[in-house]
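Asks: Starting off with a structure, shown below.
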Amino acid sequence: MKLTYGVKKLLSVLSAISIAVCCLPFAAAETEWNEYGDIKWSLENNTLTIAPINGSAAIPDFESYGNNVSPWDKYCFSVVNIKIESGITRIGNYAFNFFTKIFNISDDAFSGYVKIPDTVTSIGDYAFNYCTKLYNVDLENNIKTIGKGAFNRCSSLYSICLPTNLYAIDGTSEGEIPDYLFSGCSELSKVTMQQNKTVDFVISSNINRIGKYAFSGCEKLRATNGNQLIVPNTVVTIDDYAFENCSSIEKISVTLGTNYISPSAFNGCISLKTFHIIYGGNSDYFYMPTNSELFNKEQTKFIRLMPAYSGTEYTFPDTALDTVKEIGDYAFYSSVNLEKITIPDGVKSIGKEAFSDCEK
């Protein structure tokens, strides 16, 4: 078809305009922000970014399900990176529940990372609950408090570096490893802190309490000095099931300052042979005829036999034969080698699950 002069001229003009437009500087599209309370968030290229709207703000508390889940919850299986902008002061409860593509919490911004700025001082309850691919966590000293279960069921978590000083969530000066903090972290091998990254297990010297189920199910948790886990001398309480099923630990040492050790704290610790009270021998609260057994100071209550006690038979020591009246809860729980126990005539009560999992 033969084009007329007018059509040719029009096409020529349109072509020139097209070339001119293509040569204009490219302007990036503006980030599309969604607002939620005092914060705003965006999702681009599988990267979730959260920032304060004005100056500073906290990521609020959410729930694991129901009407109060985070507004980004529906993207939990697709988000690869999380960038928290400066000015955010707290990561709220269940903020990143079930974010299963996160591998790393640190300053290293490679794929699968969470970037936490130094303005964040607190991590809420279950904040990274069931982040099942999370492998490494490096928390700087700006973090002062961590809520219970913050890394609950992070089943791939291998290494965590905690702040040098970690305080109780209520803001008191005494610190704690909160309840359920690493429960179900079956691959966790290294727990260090910013002040000392050279050993496999060390926690802050200001820790006053190791919470319920804090390390429950940490089957690969290693310890220094030949798998000897040394509890800081500030720890007063080792709570229920604190080291349950930590099956790699062989020795635990506590100090004279510890006045409550839950008998269930070591359930399922099938390699645990030795429990040792350091700094002066027997404490004001406990009596240990050997390093395999634990009584109260008055020897009226038998508290615990270490699960990996090597003998096939156990007989109470002569010093306790006439004094012991009670066998406590979980006293022989998971004693894997025992075949026979001789109980003194003076014993009047036996606690719950005293002989559970004594398979032989």
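No value in this document is a laboratory result; all are computed from the given coordinates. A quick note: this is a predicted structure, and the numbers were derived from the prediction, not measured. Because the Cβ atoms are built from the backbone with ideal geometry, glycine has one as well, and the counts that use them run over all protein chains shown.
Asks: Could you tell me what fraction of 2.2 N^0.38 Å the Cα radius of gyration of segment 224-360 comes to, as a two-decimal ratio?
Replies: The reported ratio for this selection is 0.97.
Asks: In terms of the Cα gyration tensor, with a ≥ b ≥ c the square roots of its eigenvalues, is segment 28-106 rounded because a/c is under 1.5, prolate because a/b exceeds b/c, or oblate?
Replies: Rounded, since a/c falls under 1.5.
Asks: Starting from the Cα of LYS83, draw a straight line to each of the lysines and keep only those under 24 Å, dropping any in the same chain fewer than 8 residues away.
Replies: Qualifying lysines at Cα under 24 Å: LYS40, LYS74, LYS101, LYS115, LYS133, LYS144, LYS148.
Asks: Let me know the shape class of segment 81-186, please: from the alpha-carbon gyration tensor, a ≥ b ≥ c as square roots of the eigenvalues, rounded when a/c is under 1.5, otherwise prolate if a/b is greater than b/c, or oblate.
Replies: oblate
Asks: Given R₀ = 22 Å, FRET efficiency for THR47-ASN142 by Cβ-Cβ distance, to 0.05?
Replies: According to the calculation, E is roughly 0.50.
Asks: Obtain the nm distance between the two label points defined at GLN194 and LYS348 by a simple spin-label model: each point lies 7 Å from its Cα along the Cα-to-C-beta direction.
Replies: 5.3 nm
Asks: Once you sort the root eigenvalues of the Cα gyration tensor of segment 101-145 as a ≥ b ≥ c, which label holds: rounded (a/c under 1.5), prolate (a/b larger than b/c) or oblate (the other case)?
Replies: Here segment 101-145 falls in the oblate category.
Asks: Follow-up. Setting aside same-chain residues fewer than 8 positions from LYS352, which lysines have a Cα under 26 Å from its Cα?
Replies: Cα-Cα hits under 26 Å: LYS212, LYS251, LYS273, LYS297, LYS301, LYS325, LYS340, LYS360.
Asks: Moving on to the next point. Can you report the principal axis dimensions of segment 301-360 using only the alpha carbons, biggest first, rounded to whole angstrom?
Replies: 28, 23, 15
Asks: Which values, in whole Å and largest first, are the semi-axes of the equivalent ellipsoid of the chain obtained as the square root of 5 times each eigenvalue of the Cα gyration tensor?
Replies: One finds semi-axes of 58, 19, 17 Å for the chain.
Asks: Now for a different question. Using only DSSP helix segments of four residues or longer, with each worth -39500 (n - 2.57), what per-residue ellipticity at 222 nm results for the chain after dividing by its residue count and rounding to 500?
Replies: -2000 deg cm²/dmol
Asks: Could you sort 329-342, 31-44 so that the peptide with the highest average Cβ count within 10 Å comes first and the rest follow in order?
Replies: 329-342, 31-44
Asks: Which of the trypsin sites (Lys or Arg not before Pro) found in segment 88-161 are in a DSSP loop and have at most 15 neighbouring Cβ atoms, other than their own, within 10 Å?
Replies: Sparse-neighbourhood loop trypsin sites (Lys or Arg not before Pro): LYS133.
Asks: Also: Using a Gaussian network for the chain with springs between C-alpha atoms less than 10 Å apart, which of these wobbles most: GLU313, GLU30, GLU293?
Replies: GLU30
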